[in-house]
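Peer 1: My questions will all concern the structure given below.
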Amino acid sequence: MSLLSRIRGARPRLTHAAALAAPALLLLLAQTPYTNDKTATATWMTEAYARQGGVAASHIPCVWTPEAKPAFFRQWAEEPPLFHYLGVLLRNLGFTLSYHSLLPWLLTLTTLAGLASWISVWTPLGPLQLASLALLPALAIHSTRYIPDHLMLAALVWGLALWCRDRRGWGLALFTLAVTAKATAAFALLGLGLGEVMAHPSRLRPRELGAWAVRGSLTCLPFAAWLYYLHAKHIPNPFFEDSVSLSRHMGGNDWGILFTGRYAWRFVLWNGLRGVGLPLFLLALDGVWRVLKRWKETEPRARVLTVFVVTTFLYWIIVRGPQFTGPWYSFPFLPAWAAMGFLALPRRPAWLAPAALAITAAHALALAALGPPAQSALFSKWNPADMPVQ
């Protein structure tokens, strides 16, 4: 094959890469930097690890002692410092003042590439779809936010992409990395497993169910080992505050919150308005409804994706409290919502696709440029006093 033929063959791939990377670069330039307790804590922990020598660090910055009493920081002790070590690496490479913005942006690019690869399994993506994918509101808002959830999301979407392409070993390894970086990824894997089993009745045999149980256990093993280490060292963390079910991760025993309007609004806010965008969110709901109505006639892949999306509701029932405090708790299910939304687009009138994607992109750029005060004024109307037990 001649060099000219190779260049011509690579042109579509280069076009798609540019369509994905250009909006992401625009977001980096348009982003209004800001911080909160979560980003400040992650940065503080990274600096603490850096002072100890990075990976060789022997002291966990989250340790609580009666003398020091850094009670504010101890609540994130359950997050293994994988993300923070990446920050230490960038810091030591010379990005001392910018690693906290550069690392999440690089991971956002990685997430976008993995998300495009995974969604293309379900439906073809052209340059317009790829450009709008890079401008999903959740990524626009958090693309430079220094939180471990970026590492979790990047590992999760690439795990999904490889898993759906029958590269199960690599997929499982990345799933393990995702759960270790942030345990919320385990719920997304639960959705994938339930979808695989329910979409293929033949997999309901005990042997198949046992295989899925083993896979799930393997992905959670490193995180469980980390929790055991914390427990052995008497390091306070939310998984040992009375019990898991009553910790701040679950929202205490306040089950009545599930039936309130403010909780339903948060669901739409984090998954729709500040998640994949309202157009894709509504298209995804419509797609789920159509698949459920024609379950037997629908191809297995669409059934898997439908169950994946529906598992979001189970996740919000189990994990209640954090949904009032951080939109990043919804990150694990955003890939499923985006994929279902894009899958529903070709079934609609030709004008709907560019209109929906243009609205999503404009919304994302506005959120990125306006910054958190304007975002709060536009979309957050609930008093912090309304939050459940944390």
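Peer 1: Condition check: of a type in the set (Ser, Thr, Tyr), modelled with pLDDT of 90 or more and within 16 Å of the chain's Cα centre (by Cα). Does Thr325 satisfy that?
Peer 2: For Thr325, the condition - of a type in the set (Ser, Thr, Tyr), modelled with pLDDT of 90 or more and within 16 Å of the chain's Cα centre (by Cα) - is not met.
Peer 1: Also: Pull up the range 79-109, narrow it to residues that are surrounded by 22 or more Cβ atoms within 10 Å (Cβ to Cβ) and among the aromatic types (Phe, Trp, Tyr), then point me to the one that is modelled with the lowest pLDDT.
Peer 2: Tyr99
Peer 1: Say whether the condition of being farther than 16 Å from Ala138 by Cβ, hydrophobic (A, V, I, L, M, F, W, C) and at pLDDT below 80 is met by at least one residue in the range 248-255.
Peer 2: Yes - at least one qualifying residue is present in the range 248-255.
Peer 1: I've got another one for you. List pairs: first in the range 322-347 and over 14 Å from Thr312 (Cβ atoms) and surrounded by fewer than 24 Cβ atoms within 10 Å (Cβ to Cβ), second at pLDDT below 85 and among the polar types (S, T, N, Q), Cβ under 6 Å, 6+ apart or cross-chain?
Peer 2: Filtered contacts from the range 322-347: Leu343/Thr123.
Peer 1: Out of all the residues in the range 156-169, is one or more over 21 Å from Ala302 (Cα atoms), modelled with pLDDT of 90 or more and touching a Leu at 6+ places or on another chain (Cβ under 7 Å)?
Peer 2: Scanning the range 156-169 turns up no residue that is over 21 Å from Ala302 (Cα atoms), modelled with pLDDT of 90 or more and touching a Leu at 6+ places or on another chain (Cβ under 7 Å).
The values are calculated or read from the model by the stated rules, or taken from the named source; none is laboratory data. Given the structure is predicted, the values throughout are model-derived calculations rather than measurements. Positions of Cβ are generated from backbone atoms using ideal geometry, with glycine treated the same way; all protein chains shown enter the neighbour counts.
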